[in-house]
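Each reported figure results from applying straightforward, stated rules to the coordinates on display, with no laboratory input. Nothing here was measured: the structure is a model prediction, and the numbers come from that model. Cβ atoms come from the backbone with ideal geometry, glycine included; neighbour counts cover every protein chain shown.
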Amino acid sequence: MSVFPIRVYGDPVLRTETKEVGEIDDSIRRLVADMIETMYDAPGVGLAANQVGVGRRIAVFDPQDDLGARVMINPRVVHTEGEFEMEEGCLSVPGYFWPITRPEYAVVEATNLEGEAVTYEGYGLIGRVLQHECGHLDGGLLLDAMVKKERKKALAEINRESMGL
Ligand code: ZN
């Protein structure tokens, strides 16, 4: 297994919608194992394939319940409910945390590594991670979930930093 370098804000792969996975073969299983290792090494609670430069609709996350990492192949958010604000960060925008309002509860339908249909759902951190990772796979970033004014402020912060001011 190996740890991938994580792509950061500005890399076009993060803004590219990923492609659905067909057959789950050894190369997919290897990719998933490496993504899990990369997520724990970072450390993070979720990671999408395009964050490591692979344009496939795959994400992993760890709901912090001691049962280990979950695999989502071709995940889609099928239901959300409520609304709440939470400090949210992203391994691809390292060093920043912003209060972001999103639905409180989310349900995701996906396939697991065995090719079986699985449903992941949860409130709080889990609901947040599910939405965050599916956002990545659509070519999104957490900045997109912010209201316009907050997004402008966040972008100014990132740009100031990257210009070394
Ligand atoms: Zn992220």
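Here are some notes:
- All conditions in (1) surrounded by fewer than 18 Cβ atoms within 10 Å (Cβ to Cβ); (2) touching a helix residue (DSSP H, G or I) at 6+ places or on another chain (Cβ under 8 Å); (3) polar (S, T, N, Q) hold for residue 27, with the sole exception of (2).
- Top-ranked residue of the stretch 129-165 - restricted to ones that are among the β-branched types (Val, Ile, Thr) and within 30 Å of residue 19 (Cβ to Cβ), ranked as nearest to the ligand (Cβ to nearest atom): 129
- The single condition among (1) farther than 14 Å from residue 138 by Cα; (2) free of Cβ contacts under 8 Å to residues at least 40 places away in the same chain; (3) of a type in the set (Lys, Arg) that residue 102 does not meet is (2).
- Screening the stretch 34-93 for residues that are over 24 Å from residue 19 (Cα atoms) and of a type in the set (Phe, Trp, Tyr) and picking the one that is farthest from the ligand (Cβ to nearest atom) gives 84.
- Residue check, residue 18 of a type in the set (Ser, Thr, Tyr) and buried (at least 22 other Cβ atoms within 10 Å of the Cβ): no
- Residues in the stretch 30-46 that are surrounded by fewer than 18 Cβ atoms within 10 Å (Cβ to Cβ), farther than 17 Å from residue 111 by Cα and of a type in the set (A, V, I, L, M, F, W, C): 42 alone.
- The residues in the stretch 63-85 that are in contact with a helix residue (DSSP H, G or I) (Cβ under 6 Å, 6 or more places away or on another chain) and over 19 Å from residue 35 (Cβ atoms) can be counted, and the count is 1.
- Filtered residues of the stretch 8-41 (kept if in a loop (DSSP other than H, G, I, E, B) and of a type in the set (D, E, K, R)): 11, 17, 20, 23, 25
- Here residue 49 fulfils each of the conditions (1) touching a Lys or Arg at 6+ places or on another chain (Cβ under 9 Å); (2) touching a residue at least 40 places away in the same chain (Cβ under 8 Å); (3) aliphatic (A, V, I, L, M); (4) surrounded by fewer than 20 Cβ atoms within 10 Å (Cβ to Cβ) apart from (4).
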